[in-house]
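A.B. asks: Sharing a structure below in structure tokens format, with a few things to ask.
The values are calculated or read from the model by the stated rules, or taken from the named source; none is laboratory data. All of these numbers come straight from a predicted model, not from anything done at the bench. All Cβ positions, even for glycine, are placed from backbone atoms using ideal geometry, and neighbour counts span all protein chains on display.
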């Protein structure tokens with residue numbers, strides 16, 4: 001496990017992560033990129049538990065995602081299976097597990113204030129915390145994508161699956177975008193990565 005994880009997370013986080021993963025009924029699999037999620041947790045039919053994490057995440061996002069999924073496992077073990085996936089029990093567990101990593105030996109200084117704010121009330125996805133998501137993306141490999149908030153009003157853009165949308169007005173937090181083919185309106189997070197046409 002150590003050999004696999006040491007290439008994906010900040011080095012100073014490795015000992016503590018290995019301690020969190022010391023469960024005989026828990027496995028971690030590193031997967032190819034999935035566009036709809038960074039990772040997931042699942043209780044398998046045989047009673048074992050599995051966490052999967054995307055291999056293309058930068059070390060800081062990988063660490064946050066891994067601890068997020070471990071929090072699901074820990075919350076399940078402590079509170080049972082009737083809890084909400086991202087309810088109060090999971091949030092409390094995630095905060096508790098993440099706290100020891102929130103220091104300058106693990107994360108760059110510029111991320112720490114954003115992480116501290118995020119973990120006062122962690123969300124189901126760090127991507128919905130726009131300032132944090134944008135700060136984390138600066139550590140990603142460069143690509144030719146743009147963020148929805150950068151796309152000019154009325155401009156068409158394409159998703160990873162080929163669907164084409166036209167950017168509309170901003171609501172409170174998200175942008176109204178019309179799918180060109182169907183005319184249906186969808187709401188996009190400002191930091192969704194898209195390809196401008």
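A.B. asks: Has segment 50-70 got any residue that is assigned by TED's automatic domain parsing to the domain that holds residue 102, assigned to a loop (DSSP other than H, G, I, E, B), more than 21 Å from residue 123 (Cα to Cα) and in contact with a strand residue (DSSP E or B) (Cβ under 6 Å, 6 or more places away or on another chain)? Give the steps one after another, and end with the answer.
C.D. replies: Taking segment 50-70 first, the residues assigned by TED's automatic domain parsing to the domain that holds residue 102 are 50-70.
Filter again for assigned to a loop (DSSP other than H, G, I, E, B), leaving 55-58.
So of that shortlist, the ones also more than 21 Å from residue 123 (Cα to Cα) come out as 55-56.
From what's left, in contact with a strand residue (DSSP E or B) (Cβ under 6 Å, 6 or more places away or on another chain): 55.
Within segment 50-70, one or more residues are assigned by TED's automatic domain parsing to the domain that holds residue 102, assigned to a loop (DSSP other than H, G, I, E, B), more than 21 Å from residue 123 (Cα to Cα) and in contact with a strand residue (DSSP E or B) (Cβ under 6 Å, 6 or more places away or on another chain).
A.B. asks: Let me ask something additional. So residue 97 ticks every box in (1) surrounded by 13 or more Cβ atoms within 10 Å (Cβ to Cβ); (2) over 22 Å from residue 25 (Cβ atoms); (3) touching a residue at least 60 places away in the same chain (Cβ under 8 Å) but one. Which box is left unticked?
C.D. replies: Single failed check for residue 97: (2).
A.B. asks: Within segment 123-170, how many residues turn out to be closer than 23 Å to residue 56 by Cβ and assigned to a strand (DSSP E or B)?
C.D. replies: Total meeting the criteria: 4.
A.B. asks: Which condition breaks for residue 173 when tested against (1) more than 30 Å from residue 59 (Cβ to Cβ); (2) surrounded by fewer than 11 Cβ atoms within 10 Å (Cβ to Cβ)?
C.D. replies: Result: residue 173 passes all but (1).
A.B. asks: Please find, among 81, 92, the residue that is more than 17 Å from the chain's Cα centre (by Cα), in the same structural domain as residue 12 (by TED's automatic domain parsing), assigned to a loop (DSSP other than H, G, I, E, B) and within 22 Å of residue 23 (Cα to Cα). Before the answer, list the steps.
C.D. replies: Values: 92 fails: assigned to a loop (DSSP other than H, G, I, E, B).
Going through 81, 92 in turn, the sole match is 81.
A.B. asks: Next question. What do you reckon, is residue 149 at negative phi and surrounded by fewer than 19 Cβ atoms within 10 Å (Cβ to Cβ)?
C.D. replies: The answer is yes for residue 149.
A.B. asks: Also: Suppose the filter is surrounded by fewer than 19 Cβ atoms within 10 Å (Cβ to Cβ), modelled with pLDDT under 95, closer than 24 Å to residue 77 by Cβ and in contact with a helix residue (DSSP H, G or I) (Cβ under 9 Å, 6 or more places away or on another chain); does residue 49 pass it?
C.D. replies: Considered against the rule, which asks whether it is surrounded by fewer than 19 Cβ atoms within 10 Å (Cβ to Cβ), modelled with pLDDT under 95, closer than 24 Å to residue 77 by Cβ and in contact with a helix residue (DSSP H, G or I) (Cβ under 9 Å, 6 or more places away or on another chain), residue 49 comes out as no.
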